[in-house]
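Just below is one structure, and these are the notes that go with it.
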Amino acid sequence: MATHSIIFGFHAISSRIRQRPESVLELYLASGRNDHRARELLQLAEAHAVRVALVDSSRLDGLAGSDKHQGAVAKVVPPPRHRFLDDVLEALREPALLLVLDGVQDPHNLGACLRVADAFGVHAVIAPKDRAVGLTETVSKVACGAAETVPYISVTNLARTLRDLKERGVWVVGTAAAAEQDLFSARLDGPLAWVLGAEGTGMRRLTRELCDFLVSIPMFGTVESLNVSVAAGVCIYETRRQRATKAGSG
């Protein structure tokens with residue numbers, strides 16, 4: 001396993017320093033930047049005793065592997081890669097809420113899904129080891145810190161994992177435009193794993209067949225589909241809404 005990884009962008013780095021300052025090995029800032037965002041990040045780093053190096057843009061480009069770093073790159077301790085679903089489920093004090101991504105290969109989509117998962121209290125994001133992007137520097141940047149807070153579980157056999165979840169009493173729910181029931185009529189207040197596929201190809205056949213039921217997302221405009229992270233946000237938000245309604249009436 002690598003002894004460090006790279007994250008870049010002001011938001012991702014600021015979030016990491018606030019959440020886990022001890023894991024930030026060194027911060028690299030563009031020497032020519034003296035604007036408010038750069039000064040604010042520098043002050044944050046100094047307040048948490050994070051070592052800072054002022055370097056030129058070419059050094060930042062090399063560290064980040066691109067020029068999309070905004071003038072800020074950090075060398076950090078990599079997050080644990082081998083997290084186990086059993087550990088997550090056994091620690092829960094509420095019904096499970098999981099997000100399963102089948103075939104999402106765009107790092108921007110995965111990063112956005114992790115942000116959604118963090119915002120709405122998803123307990124883990126699950127994805128297959130094959131046909132999936134995994135946790136990259138770009139994913140971490142787009143996730144804006146959520147890659148550090150939401151367990152990302154990479155599994156060898158997604159079908160087996162879904163069967164295991166069903167045996168544990170977790171309902172496996174997928175999305176499909178032609179589903180007989182829609183999001184608003186489906187009951188979503190119990191232990192749940194939302195399964196979403198990649199844009200264009202959707203879920204694999206076996207994944208779809210393993211779902212306990214499918215729901216459609218009501219669409220009121222002219223577009224026919226949503227980005228996977230937007231669809232995840234809509235579905236998970238409705239799940240949380242139903243749970244809050246049930247708790248309030250109980």
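The values are calculated or read from the model by the stated rules, or taken from the named source; none is laboratory data. Being a predicted model, the structure only gives us computed values, none of them experimental. Quick reminder, even Gly has a Cβ in these numbers, built from the backbone with ideal geometry, and neighbours come from all protein chains shown. In case anyone asks, the SASA skips ligands and DNA or RNA and just uses the protein heavy atoms, side chains included. Shrake-Rupley method; radii C 1.70, N 1.55, O 1.52, S 1.80 Å.
Key figures for this structure:
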quantity: Translational diffusion coefficient (Stokes-Einstein; Kirkwood radius from C-alpha pairs) of region 1-79 at 25 °C, 0.890 mPa s, in µm²/s; calculated: 200 µm²/s
quantity: Descending principal axes extents, region 105-166, alpha-carbon based, whole Å; calculated: 32, 24, 15
quantity: Percent breakdown of C-alpha pair distances by 10 Å bin, ordered from the shortest bin, for region 194-235; calculated: 24, 59, 16, 0
quantity: Value of relative contact order over region 1-111, rounded to a whole percent, pairs C-alpha under 8 Å and six or more apart; calculated: 35 percent
quantity: Value of D in µm² per second that Stokes-Einstein yields for region 161-208, Kirkwood Rh from Cα pairs, at 4 °C (1.567 mPa s); calculated: 109 µm²/s
quantity: Virtual spin-label span in nm between Gln19 and Arg33, 7 Å along Cα→Cβ; calculated: 2.0 nm
quantity: Calculated log₁₀ intensity ratio I(q)/I(0) where the Debye formula runs over C-alpha points of region 2-132, q = 0.14, 0.16 Å⁻¹; calculated: -0.75, -0.92
quantity: Isotropic mean projected area of the C-alpha convex hull, region 63-154 (nm²); calculated: 6.3 nm²
quantity: Quotient of C-alpha Rg and 2.2 N^0.38 Å, computed over region 105-237; calculated: 1.01
quantity: Candidate residues Phe84, Phe10: accessible-area rank, largest first, probe 1.4 Å; calculated: Phe84, Phe10
quantity: Relative contact order of region 135-250, pairs being alpha-carbon contacts under 8 Å that are 6 or more residues apart, as %; calculated: 28 percent
quantity: Sequence of Met203, Met219 when ordered by accessible area, the most exposed leading, probe 1.4 angstrom; calculated: Met219, Met203
quantity: Fraction of antiparallel bridges per DSSP, the chain only, in percent to nearest 5; calculated: 30 percent
quantity: Val234, Val88, Val139, Val223, ranked by accessible area, largest first (probe 1.4 Å); calculated: Val223, Val234, Val88, Val139
quantity: Solvent-accessible area per residue for the chain (1.4 angstrom probe, square angstrom); calculated: 50 Å²
quantity: Loop-located GluC sites (Glu not before Pro) in region 188-224, at most 10 other Cβ atoms within 10 Å (DSSP); calculated: Glu224
quantity: When the chain is reduced to its Cα atoms, the Kirkwood hydrodynamic radius in Å; calculated: 19.4 Å
quantity: Per-pair calculated FRET efficiency, R0 = 22 Å: Ala47 and Gln105 via Cβ, rounded to 0.05; calculated: 0.05
quantity: Per residue, the convex hull volume that the Cα atoms of region 159-250 enclose (Å³); calculated: 102 Å³
quantity: Hits among lysines - C-alpha to C-alpha of Lys75 under 18 Å, sequence gap 8 or more where chains match; calculated: Lys141
quantity: Surface share of carbon and sulfur [accessible, 1.4 angstrom probe, percent] for region 18-156; calculated: 49 percent
